[in-house]
Amino acid sequence: MVSRRDFLSLSAATVLGGGFVLPSRMAIGDEHPKNEPLQKQLAADPQRPQYHLLPPANWMNDPNGPIFWKGQAHMFYQHNPHGAFPESMHWGHAVSSDLVHWKHLPIALAPTPGGPDKDGCWSGCAVVDGNVPTLVYTGVFPQVQCLARGDDGMMTWRKFAGNPVIAAPPQGMQTTGFRDPCVWREADEWYLAIGSGIEGEGGTVLLYRSRDLMHWDYLHLLCKGRRDELLPGKDPVSTGEMWECPDFFPMADKHALLVSTQGAVIYSLGAYANHYFRPELQGKVDLGDSYYAARSMMDEQGRRVLWGWIREGRSDAAQRAAGWAGVMSLPRVVSLAADGRLRITPAPELETLRGKHHHFAGQPARGAFSIRGDSLEIQAEFELGASGVVGLTVRSSPGGEELSSITYNRTKAQFLVEREHSSLSPDVDRGPQGGSFTLAENETLKLRIFLDASVIEIFANDRACLTSRIYPSRPDSLGIGTLAKGGGARLKALDVWEMRPISPDRLAT
Ligand code: FRU
């Protein structure tokens, strides 16, 4: 088995397969291959989401360069068009008019044999230079920064003949990596933040400046972590030795820096002055470890919309056999909360997917409901009473052989998805996912849960996100219930919407 971590340090070994006949090489502008048997398999796969963006087939990881252009949202993503495993990275491309319904577009970037990206077009960003859409991304191996210019419709991309535009990290620096550029404009200059780290010390973001996107000068470290730095509170997370996928943007009168620490996505809010960023407060973008490599964009209403890669929670063999791996998170809107922290909530556009509505009025928080499903939005509000643990069960089989629990534990101040019994399949992750979360005395627990086949995205009290993966094996694992330990918890109300799919075939074409 090749883990993602191993993959990152491998040179470009060629792995073919997946059992499907696919072109041996895909080029910029190529349509996704038509493969009817595979498309049929994917359209009928109960683990494949119905209202999340994902490639028509094969592998996806990071969102790359999400951007609004001519009234549409463009999403690029790390994509291996040759199989459901992380090799030979291309940039997949999709477009949406509402952040919710997507259309697949041809491959945006493909490795050029003999070029600086011959072994993969890794993560990066999109900007508009004058009127020219431009992608800035990492070529490997070694890690260098490259540029590609697009046409007006963002349908074809031409790589800059002078690539790489940054050929190596600053001299003398013992970096742990050098990738995933994030570019923005200040007055008439471009700035580029790049994910890196200093061996033995900790993750860093390096800052560069340019007038034309082609010639870059290294300035200094935008920000530096400490390897063993822990988040405040009871939720220790080392920020590690390498920061991937920096995303840096203004947020009210502060700036926000998101970095992916090879474990979690951490945000810092702080002051940006003289081209240095000084973090004042940190938090986790998502409490689980299924959500990674988050990137944001500004939309036309001035909202900051955030996307992330939802990785799989099953074996490499199961992923290859499925013929697809990796899902894009639902759009999340980021703002500054009254307490000065980041507030991350589902984009209101998702409400357009709501179909049939079921409402259940107040009752003790113990019991099952008549509504069943695996493509639902669930809103629940609980009064805790004297209960120590309260929450919901989802995807439960009638006899309880399979079920997943979403729980708030007051004593442990934890919010979790518990997956021990989530599937009878031997091939899936069963560990709990989640982290620190505390309700104030007398505060109700307010959950918004998006169930979509094997994906769960949860938003708790507008201040915590938790993404998880579950793979129930039984077709009747569709039940919903409430649970409470200790007395007194009450369900104030439960609202469930059956969600409409965004395509007729689970986006397999
Ligand atoms: C994050 C990441 C990036 C890299 C890309 C390769 O998941 O490791 O740092 O550019 O994936 O696919």
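The values are calculated or read from the model by the stated rules, or taken from the named source; none is laboratory data. If you're wondering where the values come from, they're calculated on a predicted model, not measured in any experiment. Counting neighbours? That spans all protein chains shown, and the Cβs are built from the backbone with ideal geometry, glycine included. What goes into the accessible areas is simple: the full protein's heavy atoms, side chains included, and nothing from ligands, DNA or RNA. Shrake-Rupley method; radii C 1.70, N 1.55, O 1.52, S 1.80 Å.
Relative intensity of region 159-298 on a log10 scale, I(q)/I(0) at q = 0.14 Å⁻¹, equals -0.63, per a Debye sum over C-alpha point scatterers of equal strength in the absence of solvent. Reducing region 116-159 and region 37-85 to their Cα centroids gives an inter-centroid distance of 19 Å. Take the Cα radius of gyration of region 417-509 and divide it by 2.2 N^0.38 Å, N being the number of residues; the result is 1.26. Using the 1.4 Å probe convention, the accessible area of the chain works out to 38 Å² per residue with neighbouring protein chains retained.
With each label modelled as a point 7 angstrom along the Cα→C-beta vector, the GLU36-GLU401 pair spans 3.6 nm. Projected onto its three principal axes, the C-alpha set of region 23-165 covers 45, 34, 21 Å, listed from the longest axis down. Plainly put, region 287-348 has a radius of gyration that is 1.11 times its Kirkwood radius, both from alpha-carbon atoms, as the Rg/Rh ratio. Shown here for region 248-350: GluC sites (Glu not before Pro) in loop regions (DSSP other than H, G, I, E, B) with at most 11 other Cβ atoms within 10 Å, namely GLU300. In this structure, THR352 and ALA317 have a Cβ-Cβ separation that, at R0 = 22 Å, corresponds to a calculated FRET efficiency of about 0.05. For region 87-129, the average shadow cast by the Cα convex hull is 4.3 nm², which is a quarter of the hull's surface. Please report, as a whole percent, how much of the solvent-accessible surface of region 451-491 comes from carbon and sulfur atoms (probe radius 1.4 Å). In region 451-491, the share of accessible area belonging to carbon and sulfur is 53 percent.
For region 120-164, with equal point scatterers placed on the C-alpha atoms only and solvent neglected, what are the log10 I(q)/I(0) values from the Debye formula at q = 0.23, 0.26 1/Å, to two decimals? Per q value, in the given order, log10 I(q)/I(0) is -0.76, -0.92. Applying Stokes-Einstein at 4 °C and 1.567 mPa s to the Kirkwood radius of the chain, computed over alpha-carbon pairs, gives a translational diffusion coefficient of 56 µm² s⁻¹. As an equivalent ellipsoid, region 148-212 spans semi-axes of 26, 14, 11 angstrom, where each value is the square root of five times an eigenvalue of the C-alpha gyration tensor, largest first. The separation of region 381-415 from region 88-114, counted between C-alpha centres, amounts to 39 Å. So how far, in whole Å, is the C-alpha centre of region 469-509 from the one of region 214-285? Value for the Cα centre distance between the two parts: 35 Å. Between ALA386 and ASP505, the modelled label-to-label distance comes to 5.9 nm, taking each label 7 Å out from Cα in the direction of the beta carbon. With the convex hull drawn over the C-alpha atoms of region 447-501, the volume per residue is 131 Å³.
Measuring only protein heavy atoms, the 1.4 Å probe finds LYS159 accessible over about 50 Å².
Other residues lying with their Cβ under 10 Å from the Cβ of LEU109 contribute a combined charge of 0, Lys and Arg counting +1, Asp and Glu -1.
Subtracting the Cα-Cα distance of MET298 and GLU420 from their residue separation scaled by 0.36 nm leaves 40.1 nm. Carbon and sulfur together cover what percent of the accessible area of region 140-241 at a 1.4 Å probe radius? Roughly 50 percent, rounded to a whole number.
Multiplying the residue separation of ALA27 and PHE141 by 0.36 nm and removing their Cα-Cα distance gives an extension gain of 39.1 nm. Computed on the Cα atoms alone, the convex hull of region 296-418 gives a volume of 201 cubic angstrom per residue. Using the Karplus relation 6.51 cos²θ - 1.76 cosθ + 1.60 with θ = phi - 60°, the per-residue 3J(HN,Hα) values for region 404-413 come to 10, 10, 10, 10, 9, 10, 5, 5, 8, 6 Hz, with x marking Gly and Pro. Applying both filters, DSSP loop and at most 15 other Cβ atoms within 10 Å, to the trypsin sites (Lys or Arg not before Pro) of region 332-437 gives ARG341, ARG366, LYS412, ARG430. Approximating the spin labels as points 7 Å out from Cα along Cα→Cβ, the ASP212-to-THR438 distance works out to 5.5 nm.
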